[in-house]
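See structure below.
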Amino acid sequence: MESRLAMYRTHAEEAAKQNDPDTARSWLMKAQKEQEAYLNLRRESEQKKAAADQLEQTLARLTDKLHSAKELRRQWLDRSRNAASRLQAETDSDLDWMAAVEQLKEDTLLAEAAEEVRRSRPY
C-alpha cells in the first residue's frame with residue numbers, strides 16, 4: 001500500500017515539475033482515494049475480526065453449556081434408572097410381602113377348617 005501511495009505521489013511531483021497541475025492533482029486524488037479505501041478496508045477488517053472473536057467466544061460458551069446440559073442429562077438418566085430400580089425392588093418386596101400375607105391367611109383358614117372338622121367329628 002505504501003509503495004503504491006509513494007508511486008502516486010512521485011507521479012504527482014513529476015507532473016508538478018512539468019507544470020501540469022491538473023495531472024498532479026489527479027495523481028494526488030488517486031492517492032487520497034486509495035488511502036481512504038485502504039483505511040476503510042482496514043477498519044472493516046478490524047470490525048469483522050472483532051465480530052469473529054465475539055462469535056468464537058459465544059461458540060465456546062454455547063459449547064460449554066452443551067457439555068453441561070449433556071452431563072446433567074446423563075446424571076438425570078442415571079438417577080431415573082436408579083429410582084426405577086429402587087421402585088421395582090420396593091414393588092417386588094411389596095408383592096412378596098402381600099403373597100406372604102395371603103399365604104398366612106390361607107394357612108389360617110385351612111387350620112381353622114381342619115379344627116372345625118376335628119370338632120365336628122369326635123371319632
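The values are calculated or read from the model by the stated rules, or taken from the named source; none is laboratory data. All values derive from a computational prediction rather than experimental measurement. Cβ coordinates were reconstructed from backbone atoms using ideal geometry, including for glycine residues, and neighbour counts include every protein chain displayed. Calculation scope for accessible area: heavy atoms of the full protein, side chains included, ligands and nucleic acids excluded. Shrake-Rupley method; radii C 1.70, N 1.55, O 1.52, S 1.80 Å.
Placing +1 on the Cβ of each Lys and Arg and -1 on the Cβ of each Asp and Glu in the chain, which of LEU55, LEU66, LEU5 has its Cα farthest towards the positive end of the resulting dipole?
Checked the options; the winner is LEU5.
Taking the Cα centre of the chain as origin, sum charge times position over the Cβ atoms of Lys and Arg (+1) and Asp and Glu (-1), and report the length of that vector in debye to the nearest 20.
Charge dipole of the chain: 700 debye, to the nearest 20.
How many Å² of accessible area per residue for the chain, probe 1.4 Å?
89
Angle between the Cα long axis of helix 2-17 and the longest principal axis of the chain, 0 to 90 degrees, nearest 10?
Approximately 20 degrees, to the nearest ten.
Which percent of the accessible heavy-atom area of the chain goes to carbon and sulfur, probe 1.4 angstrom?
With neighbouring chains kept in place, the figure for the chain is 56 percent.
Based on the inverse mean of 1/r over its pairs of different Cα atoms, what is the Kirkwood hydrodynamic radius of region 78-120, in Å?
Result for region 78-120, one decimal place: 12.7 Å.
Could you pull the Rg and Dmax for the chain, using just the Cα atoms, both in Å?
In Å, with Rg to one decimal and Dmax whole: 47.2, 155.
Packing-wise, with mean Cβ within 10 Å as the measure, how do 79-85, 31-37 rank, highest first?
31-37, 79-85
I'd like to know which of TRP76, TYR38, LEU104 lies farthest towards the positive end of the charge dipole of the chain, counting +1 on Cβ of Lys and Arg and -1 on Cβ of Asp and Glu.
The residue sitting farthest along the positive end of the dipole is TYR38.
Among the lysines in the chain, how many pairs, 8 or more places apart or on different chains, have alpha carbons under 27 Å apart?
Here the count comes out as 7.
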